[in-house]
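Quick notes on the structure that follows.
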Amino acid sequence: MYEMKMRVGLDDVGINGAMTCEAMLRAMVNCASFHTQDRVYDILEMAENHRGWFVVSWQVRIHKEPNLCDRLTVRTFPYEFSGFIGKRHFGIYSEDGETLVSANSLWTWMDIEKARPVRIPEEYKELFGIDEPPTEEWPGRKLAVPEDMKTNYGFKVEPMFLDTNGHMNNSYYVAAAEKCLGEDAVPKAFYVEYRKQAKSGDEVTVQSSSDNGTVTLCDSEGDIYSVVKFEC
């Protein structure tokens, strides 16, 4: 188990003062990154050696929205390493210990230069520390895309969107999808499936279903970068 403390800032909330889905994801990714940095290896040095974690999917439940200026504890632990796949659980908790957000995630250990998965080093199990699997049940990670998808808007991937792996930071996919929600929408859960990496200069088309529950980010040929599903 690894944890970090944080406080919800102005750049973490929407117009209603509640923490956005993007900010929740960003907080959890930061916690996992600090866990890696503090226990296993230097992240920037590992990127220079063409290795890194790529997230495949997120399953996130929002039990109660964190709000502006709230003091939070973010906790994470990996519970399975198998071949090139890692599974990691997250929780965001109030100052009083109440569970506000829980999440399950799937990651792959990648050779960035060759763009292919590679086996996770055996010693990482001990360095990270493998905990017992969470008891919370989750749906399948594969997300279906409805037939009634319509284009909402498009954007170009700029260098400021990129992470250390050279592709669009995974929280920006959720930020782009979240823009399709109505102003009064209050997500109770969201799920993300990443299918293809968006890189600098790529043109991204954002489409949503008629009920705005499912959002896709696609390239100029219609191939899907990511699917995001909201439950409100």
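The set of residues in the range 185-203 being crowded, with 18+ Cβ neighbours inside 10 Å and within 19 Å of VAL56 (Cβ to Cβ) consists of ALA189, PHE190, TYR191, VAL192, GLU193, TYR194, ALA198. Comparison of THR76, THR99 shows that the only residue that is touching a residue at least 60 places away in the same chain (Cβ under 8 Å) and within 19 Å of the chain's Cα centre (by Cα) is THR76. Of all residues in the range 10-26, those that are within 19 Å of the chain's Cα centre (by Cα) and surrounded by fewer than 17 Cβ atoms within 10 Å (Cβ to Cβ) total 2. Against the conditions (1) closer than 22 Å to VAL228 by Cβ; (2) crowded, with 19+ Cβ neighbours inside 10 Å; (3) touching a strand residue (DSSP E or B) at 6+ places or on another chain (Cβ under 9 Å), ILE120 satisfies every one except (1). Scanning the range 133-140 for any residue that is among the aromatic types (Phe, Trp, Tyr), surrounded by fewer than 18 Cβ atoms within 10 Å (Cβ to Cβ) and farther than 24 Å from ASP12 by Cβ turns up at least one such residue. The set of residues from the range 96-142 being out of contact with any Phe, Trp or Tyr (no Cβ under 7 Å at 6 or more places or on another chain), within 23 Å of MET24 (Cα to Cα) and among the β-branched types (Val, Ile, Thr) comprises VAL101, THR135.
Taken together, the values in this text are just the output of simple stated rules run on the coordinates, not laboratory data. From a predicted model like this one, the values you see are computed outputs, not experimental measurements. Neighbour counts run over all protein chains shown; Cβ positions are idealised from the backbone, glycine included.
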